[in-house]
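Okay, here's the structure, questions in a sec.
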Amino acid sequence: MSVNMAGKIAVVTGANKGLGFAVVKGLCKRFNGTVYLTSRDETRGLQAVKKLNDLGLTPSFHQLDVSSRESVKSFSEFIKTKHGAIDVLVNNAAILEWEQVYPDYEAAKRNIDINYRSLLTIEQFLFPLLRDGARVVNVSSACGHLSNLKNKKWLNILQRQDLTTEQINNFVDEYLESIKNGTFNKDDFADEGKHAEHRVSKIALTALTMVQQRKYKNISINAVHPGHVKTDMAQGGGELEPDEAAETILYLILDASPNLKGSFLWYNKKLVDWFDIDSDYYYKHKCLV
Ligand code: NDP
């Protein structure tokens, strides 16, 4: 394998379709370097690459299942050997299973493993490769605003300036435990706790963004709510085309000041106060905003 340490490297997770695909497309047009389209399924990933090739764009491809430790580790070894470092990382991969508004334990755990815990594996294996000045975007959601949470104990902890990853993990574990032992309380969340699993995973992701920014001062990490996007996840709904929603992420990568750090950006590029717990930013299940 030839080593190319010179060029810049961008990596997008969950990029075979939807928003991730649109981000790769935008980066292929505007990023001065190599863009990795990654996906958990190689066939779907290569089909996506082919689609971009047909548009005259040339992303690179690598398999990456963010919920598999082995896959993240082997991707990190590949990047380390071939390129040495990463300049841009978009943590976009996620699931949302609509069938159960109040999911059982297995479904809730699946959501949290993919949408949140994967970020801890990525921190372990990919963050050591981030170059000084690198930019990381964590794709959150309206579900990831703190106003989705109503439980006072957890609100107090998650708002702490010295919040730790361990405390976030405890928050997630306590939610999962409540599902397992039947003590889940709808009133702990906005909107009668519908899809609380997704609110928990995205709140945890947003909180982690801030914790990571404090830990890794030489890079910029921000969370973003991309809007309600016309992708498979939105199941026929959505107001924004994926290419439009990708603009906010591309802005964070290519145009925003490197001093924009540890923030929560809304899809209209407005900074949102994540700590505004009484605000109306939370996700409303009925209107799917
Ligand atoms: P899609 O369902 O269209 O795409 C999700 C992508 O994530 C797919 O490529 C999927 O791969 C991939 N993925 C799922 N699990 C894994 C995994 N374990 N490893 C790697 N990739 C995985 O959804 P969107 O494009 O809409 O979602 C992109 C991001 O935007 C998500 O973080 C989502 O939460 C967020 N978002 C979306 C909103 C919307 O309205 N669409 C609203 C708010 C936030 P596969 O094809 O193999 O399933």
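In region 178-196, is there at least one residue being open to solvent by less than 10 Å² (accessible area, probe 1.4 Å), under 22 Å from VAL23 (Cα atoms) and not in a helix (DSSP H, G or I)?
no
Would you confirm, using the coordinates I've provided, whether LYS25 is in a helix (DSSP H, G or I), open to solvent by 80 Å² or more (accessible area, probe 1.4 Å) and away from the ligand (no atom under 11 Å from the Cβ)?
Answer is no for this residue.
Residue under question is ASN169, and the condition is that it be in a helix (DSSP H, G or I), open to solvent by 20 Å² or more (accessible area, probe 1.4 Å) and within 30 Å of TYR36 (Cβ to Cβ); does it hold?
yes
So how many residues does region 79-101 have that are touching a residue at least 60 places away in the same chain (Cβ under 8 Å), more than 11 Å from the ligand (Cβ to nearest atom), touching a helix residue (DSSP H, G or I) at 6+ places or on another chain (Cβ under 7 Å) and closer than 13 Å to HIS198 by Cβ?
Matching residues across region 79-101 total 0.
Hey, could you check region 36-52 for residues that are touching a Leu at 6+ places or on another chain (Cβ under 7 Å) and among the β-branched types (Val, Ile, Thr) and say which is surrounded by the fewest Cβ atoms within 10 Å (Cβ to Cβ)?
VAL49
Let me ask you something else. Give the number of residues within region 86-110 that are surrounded by 22 or more Cβ atoms within 10 Å (Cβ to Cβ) and either within 20 Å of GLY182 (Cα to Cα) or touching an Asp or Glu at 6+ places or on another chain (Cβ under 6 Å) (or both).
Adding up the residues that qualify gives 1.
May I ask you to verify whether PRO128 is free of Cβ contacts under 8 Å to residues at least 60 places away in the same chain and either more than 22 Å from LYS217 (Cβ to Cβ) or within 13 Å of the ligand (Cβ to nearest atom) (or both)? Break it down into steps so the answer makes sense when it comes.
Details: free of Cβ contacts under 8 Å to residues at least 60 places away in the same chain: yes; either more than 22 Å from LYS217 (Cβ to Cβ) or within 13 Å of the ligand (Cβ to nearest atom) (or both): no.
The answer is no for PRO128.
Still on this structure: State which residue is least open to solvent (accessible area, probe 1.4 Å) when the search covers only region 250-282 and only residues that are over 22 Å from ARG214 (Cβ atoms) and assigned to a helix (DSSP H, G or I).
LEU250
If I go through region 197-249 residue by residue, how many of them are part of a loop (DSSP other than H, G, I, E, B) and either buried (at least 16 other Cβ atoms within 10 Å of the Cβ) or within 14 Å of the ligand (Cβ to nearest atom) (or both)? Give the derivation first.
Step one: of region 197-249, the residues part of a loop (DSSP other than H, G, I, E, B) are 216-219, 225-228, 230-231, 235-239, 241.
If we keep only those that are either buried (at least 16 other Cβ atoms within 10 Å of the Cβ) or within 14 Å of the ligand (Cβ to nearest atom) (or both) as well, we get 216, 219, 225-228, 230-231, 235-239, 241.
Result for region 197-249: 14.
Six or more apart or on different chains, Cβ under 6 Å: which pairs go from a residue in region 28-53 that's of a type in the set (Gly, Ala, Ser) to one that's open to solvent by 40 Å² or more (accessible area, probe 1.4 Å) and in a strand (DSSP E or B)? Could you list them?
GLY33/LYS8; GLY45/PHE61
Considering only residues that are more than 26 Å from ASN115 (Cα to Cα) and either surrounded by 16 or more Cβ atoms within 10 Å (Cβ to Cβ) or at pLDDT below 95 (or both), which ones fall in region 53-85?
Scanning region 53-85 gives LEU57, LYS82, HIS83.
Follow-up question, since we're still on this one. Only residues that are within 15 Å of the ligand (Cβ to nearest atom) and of a type outside the set (D, E, K, R): list them for region 60-78, please.
PHE61, HIS62, GLN63, LEU64, VAL66, SER67, SER68, SER71, VAL72, SER74, PHE75, SER76, listed by residue number.
Further question on the same structure: Go over the candidates GLN167, GLN100, GLN161 one by one and state the one that is touching a Leu at 6+ places or on another chain (Cβ under 9 Å) and over 30 Å from ILE79 (Cβ atoms).
GLN167
Still on this structure, I have one more. Applying the selection to region 28-60, what residues are aliphatic (A, V, I, L, M) and in a loop (DSSP other than H, G, I, E, B)?
Correct list: LEU55, LEU57.
The values are calculated or read from the model by the stated rules, or taken from the named source; none is laboratory data. Just so you know, these numbers come straight off a predicted model, no measurement behind them. Virtual Cβ from ideal backbone geometry, glycine too; neighbours counted across all protein chains shown. When the accessible area is computed, the model is the full protein with side chains, heavy atoms only, and any ligands, DNA or RNA have been set aside. Shrake-Rupley method; radii C 1.70, N 1.55, O 1.52, S 1.80 Å.
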